[in-house]
Amino acid sequence: MKIIAIFFLIITQFFSCTVTQKASRVQPSSEEHLFNSQVERDEPEIPKSENETANLFPKAKKEPDLPEKNEQPKVSEKIPEERPNPLSASQIEKQIKDFSGYGYWPVHNNNHIIFLSTDLDRNGLDDVIVLYVSADHFSEADADLLSDFSRLYDITSKPFDCYLQVFFQFEGRITPVYRIPLGKKVVFDSLKQVEIKKDSDRPFAVSAIFQFLDGSERDWVIFGEGGISRFTMKESFSVKPEIRDIDGDNYIDIVIHQRSFEEGTGYETFLTWYKWDGSNFKEYKNTNIVRNLKNFLSFIRKYIQSHNWEKLLEHSLPSETLKELYSKGLEPGEICTRIFQPSTASEEERLQYSEAPPLIELNVKEVLFPEILENPFVRTEKGDYLFPLSVRITAKEGIFVYNAKIKIPMNPFVSRQYQFVVE
C-alpha cells in the first residue's frame, strides 16, 4: 500500500507540471498582450516568382542625363512669379473720384479722368498721377472748358489753382501719397510723359503745359532716384526751348534759345544748355550765335585773302573729318574748292559777274560776306542747323560769287561751333 501511494503521488505531480507548461505557452505576458492589441502587423507572403518580386519593389525613376556644361535654363522652365492683380482703368477712375471733392476735381475729358501711370514704388503695380484743379463741381474740371483759349481774354474767367496728385497702387486700391502744387493757371494745354533717359522709365517726368497771353509754360515734375524735382520753362516769341540729346549720353538736354536786341550786333540769340545732373536739369554752358558767327567769318576772310587754305580748314572742320579727307589723298586747296563752289547765277548776275574759276586760282583782293544782323541758321531734318552763305570775291581776275554752307553741329557748344559743309 505504501508503494502504491508513492506511485500515485509521482503521477499527480507529473500531470500538474505538464498543464502548467501548456498554460504558459497559450497565455501571453501582460506586455506582449498590450503590444499586440495596439499594432496590427501583416506578414507578407513570400514571392514565388521574379515578377512578383518586381511588384514588391517598383523600379526607381530614371535620373535625367546631366549636361556636359552649365547652361542657362530655358524661359519656359522658369518658375512663374506671382504678380499682384492691377486695377482696371475704370476702377482707378472710380477710386480717384472717391478721393476728390473739397474744392478740387481731377481734369477729365468726356467724363474720363486724364491720368498717367508708371510703377514708381517698384511693387509691380502702376501708380497713378492726376492733375487736380480748383473747381466747385466735377463738370468744371472738363479739359475742353479749361483749354478754351478765349479764357485769356475773358475777364470773368478766373485763374485756377492746380496740383499734381500721386497715388500709389496696392492690390485692390490706390492711396494718395504726394501732392505737388503748380500754382495758378489760366488755360490748360496738356498732360504728358517725358522720356528723360532713352529707353528707360527712370527718371520719370510729367509735363503739364499751360497757355498764357505771351506764350506757354511747361512745368516738369521729375521722379528720380534722389526724390522729386521740378523744372519750368517758358516758350514765347523770343524764347524757344529745344529738347533733345545733344551730347550722345542718352539723357535729353534742354537748350534755351533766347533772342534779344543788342546794340552794335543786332538781334542776338543766346543759347543756354541745361544738363541732367542726376537729380535735376542744371545750367551747364552758354554761348551765342551772331557775335560768334561774325568772329568766325572774320578768320575765314583772312585765310582766303592770304591763301592759307590749311589754316582755313583747321578752323572750320572737325579734326576727324579733316583727317578722313586727307586720308583720301585730297590736298587743302582741293577741299576748299569743294567747299566754295561757283554760284549758279541768274541772267542779271551773269551780266554783272564773270564766270567763277576755282577759288584757289584767284589773286584775291577783297572778300565780302552778307551783313549778319540776326541768327541766319535754319534747323534741318537731321537736327543740325544750316546757313547757306554767299561770298563775293574781288580779285585781279574780276568779281566772282561763290556759295558755301555753314552748319552748327548737333551740339552747338563744341569748340568748333561753325563748320563748313564739304560737297
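The values are calculated or read from the model by the stated rules, or taken from the named source; none is laboratory data. Quick caveat, the model's predicted, so the values are computed rather than measured. Methodologically, a virtual Cβ is constructed for each residue, glycine included, from the backbone with ideal geometry; neighbour enumeration extends over all protein chains shown.
Quick rundown of the values:
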{"read-out": "Inter-residue pairs, beta-carbon under 6 Å, first outside any loop (DSSP other than H, G, I, E, B) and in region 167-187, second acidic (D, E), 6+ apart", "value": "F168/D121; F168/D127; Q169/D127; L182/D219; K184/D161"}
{"read-out": "Residue match in region 174-191 (condition: within 29 Å of D119 (Cβ to Cβ), of a type in the set (D, E) and surrounded by 14 or more Cβ atoms within 10 Å (Cβ to Cβ))", "value": "yes"}
{"read-out": "Residue match in region 107-120 (condition: in contact with a Ser or Thr (Cβ under 8 Å, 6 or more places away or on another chain) and assigned by the TED database to the domain that holds G183)", "value": "no"}
{"read-out": "Count - residues of region 217-264 that are over 21 Å from D189 (Cα atoms), surrounded by 15 or more Cβ atoms within 10 Å (Cβ to Cβ) and within 15 Å of the chain's Cα centre (by Cα)", "value": "6"}
{"read-out": "Extreme residue, nearest to R244 (Cα to Cα), among residues of region 367-386 that are part of a strand (DSSP E or B) and either in contact (Cβ under 8 Å) with a residue 60 or more places away in the chain or of a type in the set (V, I, T) (or both)", "value": "V378"}
{"read-out": "Among (1) loosely packed, with under 15 Cβ neighbours inside 10 Å; (2) among the aromatic types (F, W, Y); (3) more than 23 Å from D154 (Cα to Cα) - the single one F204 does not satisfy", "value": "(1)"}
{"read-out": "Region 297-308 residues that are under 21 Å from L373 (Cα atoms) and loosely packed, with under 14 Cβ neighbours inside 10 Å, paired with ones that are of a type in the set (K, R) and modelled with pLDDT of 95 or more (beta carbon under 6 Å, 6 or more apart)", "value": "none"}
{"read-out": "Some residue of region 283-295 being out of contact with any helix residue (DSSP H, G or I) (no Cβ under 6 Å at 6 or more places or on another chain), more than 29 Å from W220 (Cα to Cα) and among the basic types (K, R)", "value": "yes"}
{"read-out": "So I92, is it assigned to a strand (DSSP E or B), β-branched (V, I, T), under 21 Å from D201 (Cβ atoms) and at pLDDT 95 or above", "value": "no"}
{"read-out": "Positions within region 244-265 being acidic (D, E), assigned to a loop (DSSP other than H, G, I, E, B) and under 20 Å from T232 (Cα atoms), in sequence order", "value": "D245"}
